[in-house]
Amino acid sequence: MKKAAVLLMLAMTMAFAGCGTDSADNSAQGQAESGGKVSSDEAEPLDDSNAGSDTEDSSEVSSGDVLADGVLTVGTNAEFPPFEFVGDNGEPDGFDIALIKAIGDKLGVEVEVENMEFDSLVASIGSKIDVAIAGMTVTDERTRMVDFSDSYYQAVQFVLVPLETEIAAADDLAGKTIGAQLGTTGDLMIEDFEGATPKQYNKAVDAVNDLVNGRLDAVIVDKNPALVFADNFSDQIQYMDFNFEPEDYAIALPKGDEALAEAVNGALAELKSDGTFDELVNQYIEN
Ligand code: GLN
């Protein structure tokens, strides 16, 4: 249902904006999904969409292996609400999932989501998956293995603590037992606190459960999931913002595939300018 809504929204915005980019060259594979859009695009002269259409057209031809089969296989770890979580129907849902599906629609490919451990995502790009979207922060270490799209969201680490706690500032984390999801930027931060004992989990929610059960003094996790977890366990825990360094989320891409990066960035820019991106922010993050 969400997909249908996104498609409808895309069809409407594209019809209004007159940005009919994929109608001409994409008719073979795109028509089934974008029916109404095709005719309205063709009926209307294009005026303000030249940049977008160039990007999209050339990328569909040249980003070879990854898009040529018409399927973009996307890795995620659906344990990170509101960016990704398992929906009521058992399928991954969330802001990132809706965003990558909207990007797939722009590129005329089908998006298949693979739910896997966060810590395996980067290494799986180019084999099990084409790209990864997982509230993933751009870091130097990851940039050695993968490329990143333009950033689509700014984040920051928050600290979850029990309602009763002596932790009131970042310095108070020294010497504490601190949980985080394995391989995340929150996990990597723990070593900054002198004498802290790190505890790593495959899912952030498991760390949160240990915090609730008194096995941890604190959990470090990105702001938006922290808000969700603090809300879900509001009788026991609270969040704290210690003004850590801002982080940028981006889509992880195969190293050196410039055509794919250009295609993804072009689609992202279109989704920002046509209002779809903000709609998704409102729907998933700021509701
Ligand atoms: N933003 C953090 C990171 O990239 C956490 C991401 C996540 O747990 N999905 O490491």
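Read the figures in this text as sums done on the coordinates, not as results from a lab. Computed from a predicted structure; not experimentally measured. Glycine also receives a Cβ, built like all others from the backbone with ideal geometry; neighbour counts cover every protein chain displayed.
Under the simplified labelling scheme, the Ala168-Ser273 pair shows an inter-label distance of 5.1 nm, with each label point 7 Å from Cα along Cα→Cβ. When you filter the GluC sites (Glu not before Pro) in segment 150-202 for DSSP loop state and at most 15 other Cβ atoms inside 10 Å of their Cβ, you are left with Glu164, Glu166, Glu194. With a Förster radius of 25 Å applied to the C-beta separation of Asp231 and Glu117, the computed FRET efficiency comes to 0.50. Mean sequence separation of contacting Cα pairs (under 8 Å, at least six apart), scaled by the length of segment 107-227, corresponds to a relative contact order of 27 percent.
Ignoring solvent entirely, what values of log10 I(q)/I(0) come out of the Debye formula for segment 106-249 at 0.10, 0.11, 0.20 Å⁻¹ when each Cα is a single scatterer? Rounded to two decimals, the profile gives -0.36, -0.44, -1.22. Taking other C-beta atoms within 10 Å as the exposure proxy, Phe118, Phe244 rank Phe244, Phe118 from fewest upward. Given segment 215-287 reduced to its alpha-carbon atoms as identical point scatterers, what log10 I(q)/I(0) does the Debye formula return at q = 0.15, 0.24, 0.25, 0.28 Å⁻¹? So the normalised log intensities are -0.77, -1.13, -1.16, -1.26.
Spin-label pair Asp150-Asp192: with each label point 7 Å from Cα along the Cα-Cβ axis, the two points sit 2.8 nm from one another.
Inter-label distance, Glu245 to Asn202: 3.0 nm, where each label sits 7 Å from its Cα along the C-beta direction.
Which order, highest average first, do 221-230, 129-138, 253-262 follow once you tally other Cβ atoms within 10 Å for each residue and take the mean per peptide? Show your work: numbers first, answer last.
Details: 221-230: 22.3, 129-138: 25.3, 253-262: 18.0.
Most protected by this proxy first, the peptides run 129-138, 221-230, 253-262.
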